[in-house]
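Below: the structure, in structure tokens.
The values are calculated or read from the model by the stated rules, or taken from the named source; none is laboratory data. Note that the coordinates shown come from a computational prediction; the quantities given were computed from them, not determined experimentally. FYI the Cβ positions are ideal-geometry reconstructions off the backbone, even for glycines, and counts take in every protein chain you see. Side chains included, ligands, DNA and RNA excluded: accessible areas come from the protein's heavy atoms. Shrake-Rupley method; radii C 1.70, N 1.55, O 1.52, S 1.80 Å.
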Amino acid sequence: MIDIVNLPKLWILPLAWTWNITLLGLTFDIGCALIYRFMNKNNPYKTQIFNFIKQIALFNLIWLCISILIFFTIFGPAFSGLSMLFSPIITLLMFALAIRTLAIKFYDVHFFGNKSNYAYLNSSTKKFTNWIITDTSIVILCIFSAIFGTILNGIPFYLNNSKQLISLFRIEDCLNPTSLLIFLLLIIFSITQASVFCYIKTQLHKMKIIALISTILLFTIISCSIFPIENLIEEFHYTYFSKNIIRSVFITLPISALILIAAIINKRYTLALITSSGIIKIFMIIFDLILFPFIVPSSIDTSQSLICINSFSNIQTLVVSLIFVIPMLIAALCTVWIYNKLINSKTLATSAKTKNSVITKL
Amino acid sequence: MNEFIEFSKNQFFLTAGFNLIFVEFNAGISLITAIMYSMRKTIWQRCAKFWLKTILASYSITVITTLLLVFQLATNWSKLGGICGNIFGPFLILIALIMFFCEFLMFLIKLRAEKTKTLWILTILMHLHLWIIIAIQTTMHQPNSSIEFDYMNNCAHIVSFFDISFNFNTAIQFTKSLWKSYSIASIFCIGICARYILQNKHIAFSISSIKTAVLIGGSACISLTPLIYKASSFQMPNIKNIQTINVIHIKNGMLGLQAMRNLKKEYTLAEKEIFLMHKHDIAYANLIPELQPTERLIGTSFETVLPSISEINQEQITQIANEIIPNFKLAFYSNLITIFINILLTIIFFMFAYKLFRKKITSANFTLKCAIVVMPLPFLSAISQYANIEATRGPWLINNMLPIYLAASNLTAISAMISLISMCIFLFICILLFAFRIINIAQDGPENHPISTHNEPKPILKNKLSKILNKKHLAKKINMKSSYKAQVPSRMDFKKLKKKTNKWKRKNK
């Protein structure tokens, strides 16, 4: 039996889980969009990588919708407060995501003229589209890191007598060291993951070098960020989990980076891919562990923060929404299957030799 | 604040209307495709494969517009989450999950040869998507007893999920939307096929597609006739009466609001009785922005100030009562447009049915040209139907419960205006890209489309080889190693192949 009192706490799990899937997919997608620009124009694999992005872009978008809607349904008051604070940058994020997906999905639309006249990757329209995809990808990462960094830092607000959120937050506050650190980490995570994938697919030496450099950079940044993260952990007095647990999870990050370097050098493709995705997953778990049970922490008075217990919608909705956990699980399994189909071990092993893959088939 | 709400309202209705049109189009075209694919003959399957490409194109737009709608809940309507996130949230999650599975099924369709079952499941899911959208819309319009508003805590609760999903009003609205979606998809199919026939191309394909489209679209238009007959009896209500009723509601609501405030301070039976008596009219009192609590800086901290109800005079009440009268004129004219378009479409479907019956469709130039001209009309009809619903909404987000302005964010009008302009430009680009994609698909024609080649891979190399060598298993071996780069065989490839066949012959000897 599910304890109804603890239901809001339990709902944090599916919420964190859907956000993790979304960000994992988005970073992979964005990383590929950044990396494939480094490829030569005439490289046939460029189209393959682009087709891969095209396949997963809509799935990532739908996962983002699911995670936002779970937040909206289960933690309505917290969603309301958070969206009120970040309204302008969320608008920017909305347009960036929509434009990027539109550019990816309608990349091969040829405007006026015959099909034979249109050069696939060389025309100015295509260059412009490529430019849009890359730029919006960076903007999306920027906005996500600004939001996450500000939440980790704490937002200056308090609740009045009628439980309305009174904010002293300015949009410039998003530019803080924690946001910058998260942006750096996210961009390197996505580039590492994508470059490992591209290296496995294409066997290009350039990709291997990018993968190695980004992993070494990642290792350095993680090692340097131990102290700021320690400070953050110290600031959260009400964190549910003990600080030693968070520290021990954090130590796995540099270890995973070292394993990734070894895997790339020794050509252990599957291990490299799993480790590169695993690093992002660990990073998100650390974020969840530090924040739990906070949803929107207040930097003025921690006791005024929006916690999962005081900012859920109502018990009836929480119970009814449990029905969606099963289809969400099935959807997650389907996503894993899709990724497996697009980058399965067989394709990984044979791609370099036969130059044939499922992506080409699709 | 008023300007911000107007801009936000327009932005939301623009995106929601755009989304609804594409959802309707998807439902209609998926049904046509599924029916075609269920036929055993190859010509029907060829037709289905062609129309499947249009579903793939339109579904991307549907997902993008849904994302825009979801994000608007956070940007322009940030208070909505706290007030009624628990009501619409589960339905919206369901829509997102349906979208995921639809996209997954499309992935499967691209990957696998067997499509009939997958296509039918896709069709059912797309219809379910439409049903949920209509259910949400109808609930906002006529909540009846399915929703209860807690004025004390300023949030809504669901009484019954079943009542929201399955009720008479939803069923009627869904039927309307469904027939509309079938007519949109049918006219779209007929328009493209008419163009082919006029160009004297793909005649067999076009006639088969037109047959299915006329059957579905024609029956949809005829089924809409009783509903349209009912709509045509729409009469302009007496506005003075509505205004008087509104004034009474507002006054009662003010009494209820005062009783609620008193109850929060001190519980008395008399106040409780007044509150219960006028509970349902408090929403009308909430329409007066001057009565809403404000935050004022007193000393070093902010404090909530409740404006006095006695400060509101008769003039203000009359003004609000006037403002909240729905735009009946817009509703009337949009209804008129829908009726006119539906009659026109019915005539066109009859013309096509007659020409098909007489087997003179290829020579019926006027009918074919008419079909091309009326292609945008069903979309216009869908927009006018949506405008009709929005016009009768008035100032309410949930009818007689929640005024729109209470759910809006506290942003400036300029930011909303910039957002609205950007949204207009973005949606225009969406339409342009979709139109160009459809033109591309139409130019490609029913042959040589990627879906058929995925499922039945016939690379040029394999065919030529089997012709030259007439050895199937060797051709298979070579096909295994062929990349898409090597699909056009070069001289070197043939030299290599010859060498290999020689080796194979020697071994066999």
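Residues checked against (1) modelled with pLDDT under 90; (2) more than 16 Å from residue B:60 (Cα to Cα):
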{"residue": "A:59", "(1), (2)": "no, no"}
{"residue": "A:65", "(1), (2)": "no, no"}
{"residue": "A:69", "(1), (2)": "no, yes"}
{"residue": "A:72", "(1), (2)": "no, yes"}
{"residue": "A:80", "(1), (2)": "yes, yes"}
{"residue": "A:86", "(1), (2)": "yes, yes"}
{"residue": "A:92", "(1), (2)": "no, yes"}
{"residue": "A:99", "(1), (2)": "no, no"}
{"residue": "A:102", "(1), (2)": "no, no"}
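Can residue A:113 be described as open to solvent by 10 Å² or more (accessible area, probe 1.4 Å), within 13 Å of chain B (Cβ to nearest Cβ) and either at pLDDT 90 or above or not in a helix (DSSP H, G or I) (or both)? Show your work before the answer.
Details: open to solvent by 10 Å² or more (accessible area, probe 1.4 Å): yes; within 13 Å of chain B (Cβ to nearest Cβ): yes; either at pLDDT 90 or above or not in a helix (DSSP H, G or I) (or both): yes.
Answer is yes for this residue.
Matching residues to (1) assigned to a helix (DSSP H, G or I); (2) buried (at least 22 other Cβ atoms within 10 Å of the Cβ); (3) more than 7 Å from every other protein chain (Cβ to nearest Cβ):
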| residue | (1), (2), (3) |
| --- | --- |
| A:13 | yes, no, yes |
| A:17 | yes, no, yes |
| A:42 | no, no, yes |
| A:52 | yes, yes, yes |
| A:66 | yes, yes, no |
| A:72 | yes, yes, no |
| A:82 | yes, yes, yes |
| A:108 | no, no, yes |
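Residue B:101 meets the conditions (1) open to solvent by 20 Å² or more (accessible area, probe 1.4 Å); (2) modelled with pLDDT under 90 in every case but one. The failed one is (2). Filtering region B:153-184 to residues that are open to solvent by 40 Å² or more (accessible area, probe 1.4 Å) and β-branched (Val, Ile, Thr) leaves B:159, B:172, B:175. Please determine, by comparing only the residues of region B:433-454 that are at pLDDT 65 or above, farther than 23 Å from residue B:64 by Cα and within 11 Å of chain A (Cβ to nearest Cβ), which one is most open to solvent (accessible area, probe 1.4 Å). Top of the filtered list is B:443. Only one of the listed residues (B:44, B:77) is touching a helix residue (DSSP H, G or I) at 6+ places or on another chain (Cβ under 6 Å), aromatic (Phe, Trp, Tyr) and outside any helix (DSSP H, G or I). That residue is B:77.
Going through (1) assigned to a helix (DSSP H, G or I); (2) open to solvent by less than 10 Å² (accessible area, probe 1.4 Å); (3) of a type in the set (Ser, Thr, Tyr) one by one, residue B:37 falls short only on (2).
Of the residues making up region B:180-217, those that are in contact (Cβ under 8 Å) with a residue 12 or more places away in the chain, closer than 17 Å to residue B:442 by Cβ and among the polar types (S, T, N, Q) number 4. Checked against the criterion of being without any contact (Cβ under 8 Å) to a residue 60 or more places away in the chain, more than 30 Å from residue B:331 (Cβ to Cβ), touching a His at 6+ places or on another chain (Cβ under 6 Å) and assigned to a helix (DSSP H, G or I), region B:250-262 has at least one qualifying residue. For region B:179-192, enumerate the residues that are farther than 11 Å from residue B:21 by Cα and among the hydrophobic types (A, V, I, L, M, F, W, C). The answer is B:179, B:187, B:188, B:189, B:190, B:192.
I'd like the full set of residues that are surrounded by 19 or more Cβ atoms within 10 Å (Cβ to Cβ) and closer than 16 Å to residue A:218 by Cα, limited to region A:241-258. Please lay out each step first, then the result.
Of region A:241-258, the ones surrounded by 19 or more Cβ atoms within 10 Å (Cβ to Cβ) are A:246, A:250, A:253, A:256-257.
A:250, A:253, A:256, A:257, listed by residue number.
Taking the conditions (1) surrounded by fewer than 21 Cβ atoms within 10 Å (Cβ to Cβ); (2) touching a strand residue (DSSP E or B) at 6+ places or on another chain (Cβ under 8 Å) in turn, residue A:155 satisfies each one other than (1).
Residue B:130 - would you say it is in a helix (DSSP H, G or I) and buried (at least 24 other Cβ atoms within 10 Å of the Cβ)? Lay out the reasoning, then the answer.
Numbers: in a helix (DSSP H, G or I): yes; buried (at least 24 other Cβ atoms within 10 Å of the Cβ): no.
It is false that residue B:130 is in a helix (DSSP H, G or I) and buried (at least 24 other Cβ atoms within 10 Å of the Cβ).
Condition first: within 35 Å of the chain's Cα centre (by Cα) and in a helix (DSSP H, G or I). Now tell me which residues in region B:271-289 satisfy that. Break it down stepwise before answering.
Keep residues of region B:271-289 that are within 35 Å of the chain's Cα centre (by Cα), which gives B:280-289.
B:280, B:281, B:282, B:283, B:284, B:285, B:289, listed by residue number.
Cβ contacts < 9 Å: first residue within 11 Å of another protein chain (Cβ to nearest Cβ) and closer than 18 Å to residue A:315 by Cβ, restricted to region B:152-168; second residue among the basic types (Lys, Arg) and not in a helix (DSSP H, G or I), any location; separation 6+ or different chain. Result? Within 9 Å, the pairs are B:153/A:163. Screening residue A:269 with (1) more than 22 Å from residue A:63 (Cα to Cα); (2) modelled with pLDDT of 90 or more; (3) among the aromatic types (Phe, Trp, Tyr) gives one miss only, at (2).
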